[in-house]
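Asks: Submitted below is the structure of interest, expressed as structure tokens.
The values are calculated or read from the model by the stated rules, or taken from the named source; none is laboratory data. Only a predicted model underlies this, so the values are computations on that prediction, with no experimental measurement involved. Note: accessible area is taken over every heavy atom of the protein model, side chains too, but ligands, DNA and RNA are not part of it. Shrake-Rupley method; radii C 1.70, N 1.55, O 1.52, S 1.80 Å.
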Amino acid sequence: TIVMPGGSHAQFVPGRTGSLTATGGDGHLVFVAAGTLRAVPFDPVRRVLLGPAVPVVSRLITTLSGAGDFAVAVDGTLVYADDSEGAISAAARTLVWVDRAGKEEPIAVPPRLYSQVRSSPDGTRLALSANDQEGDIWVWDLRRQTLTRMTFDPTSDTYPLWTADSRRIVYTSQRGGPYNLWWQAADGSGTPERLTTHNTTQAPTGLSPDGTVIFHQVEETMGRDLMGIALDGSKKITPFLQTQFDERDSVISPDGRWLAFGTDSSGRSEVYVRPFPNTSAGQWQISATGGRTPLWSRDGKELFFFGTDGALMAAKVEATATAWNAGQPVQLFGPRYDVGTGTGGRAYDLSADGKRFVMIKLASLTGAPPSIIVVQHFNEELKRVAPAK
């Protein structure tokens, strides 16, 4: 039952009775939205709200996934990491262009809790996933300098991926149950169309060079597997890589003959390449000391990825129809940008001309470090500031 769209990291705080009956109960849900801790009176038996939500902590430390650094003990005591001085603000993420030498050029997009970014093939727009209160897909027009919201469903929409003609965006959405693949016009017009129906999480990762197949990862019992869905109207699903390990972030080379992906088959995350479509014909390791979220250069002669320390790495590659060779990875620039959540989803992309990267810049630390605040009798305070109606 969806009782409050647009929130995350909820915790139930029992009310004055401390017990639940067949006819109802009382208490509060405390949850995180836009970097604020909020509370709403709630009946957990009938699963209904008993009043409006109100802010109870103006600013606390939050993670990229929307979790808040707080906890409420069984006796009603609250503890949280305070960020009222703005020392760490997860919402203050910005976008920058970065060249191979590490030189930055700011992008005028408003600061938000961005988690993924993809550059349109025609080079005119950026598709953005924002893990804030709305949890939606946004589009930044690079020429007009405007930010437009594309999705409006109260559930989470994330992992944007452009189609080859730059007219549509594929994404994963929680609408209708588990995360599945959807797509719609990039300008937000029309009705979203569901592409897959699966009982576990799916997320798009890449597109075939001819634009006819969407590569995506599917969570299975033993980890994530790599699949492809045809865009010819049949929506046929083809498995490309299924093992007992966790494979994710698959991207196909510009010539369509090599599949790069991340996997933990060695015990830690590394980047590998396999021939495509016959992925069982061989495997070559690209990263040397850990790596994730691979990205091909526009000419297919380099592979980029994040190292374990968050630095952006590059490896020269030479590939023919029958042979493969990769050079020693080298660092392009240091770890000062978002590298993603670790469970998939690329937090960077190449410009259309392949000369620079669009990166999500993390908030810098300013002022005093955050404080740990303890609030006694917080459950009693909730009854005062958020009474049941």
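Asks: Under 16 Å between alpha carbons, and skipping anything fewer than 8 positions from Lys301 in its own chain: which lysines qualify?
Replies: Correct list for Lys301: Lys316, Lys355.
Asks: For the chain, set up a GNM with springs between Cα atoms under 10 Å and report which of Asp141, Asp132, Asp249 has the largest fluctuation.
Replies: Per the Cα network of the chain with a 10 Å cutoff, Asp141 tops the list.
Asks: Continuing with this model, one more query. Give the shape of region 192-297 as rounded, prolate or oblate, defined through the alpha-carbon gyration tensor: a ≥ b ≥ c are the square roots of its eigenvalues, a/c under 1.5 means rounded, and otherwise the shape is prolate if a/b is larger than b/c and oblate if not.
Replies: Because a/c hits 1.5 or more and a/b fails to exceed b/c, region 192-297 counts as oblate.
Asks: In the full protein assembly as shown, how much of Asp309 is accessible to a 1.4 Å probe, in Å² to the nearest 10?
Replies: Asp309 has an accessible surface of roughly 90 Å² with all protein chains in place.
Asks: What share of Cα pairs, in percent, lie more than 36 angstrom apart in the chain?
Replies: 29 percent
Asks: Quick check for you: with a 1.4 Å probe and neighbouring chains kept, what is the accessible area per residue of the chain, in Å²?
Replies: Per-residue accessible area for the chain comes out at 45 Å².
Asks: Rounded to the nearest 10 Å², what accessible area does Met313 show when all protein chains are kept and the probe is 1.4 Å?
Replies: For Met313, the solvent-accessible surface is approximately 40 Å².
Asks: Name the most mobile residue of Gly206, Gly307, Gly76, meaning the one with the largest mean-square fluctuation, in a Gaussian network model of the chain with Cα contacts below 10 Å.
Replies: The residue that fluctuates most here is Gly76.
Asks: Could I ask something else about it? Carbon and sulfur together cover what percent of the accessible area of region 71-198 at a 1.4 Å probe radius?
Replies: 52 percent
Asks: Using a Gaussian network for the chain with springs between C-alpha atoms less than 10 Å apart, which of these wobbles most: Gly190, Gly211, Gly102?
Replies: Gly190
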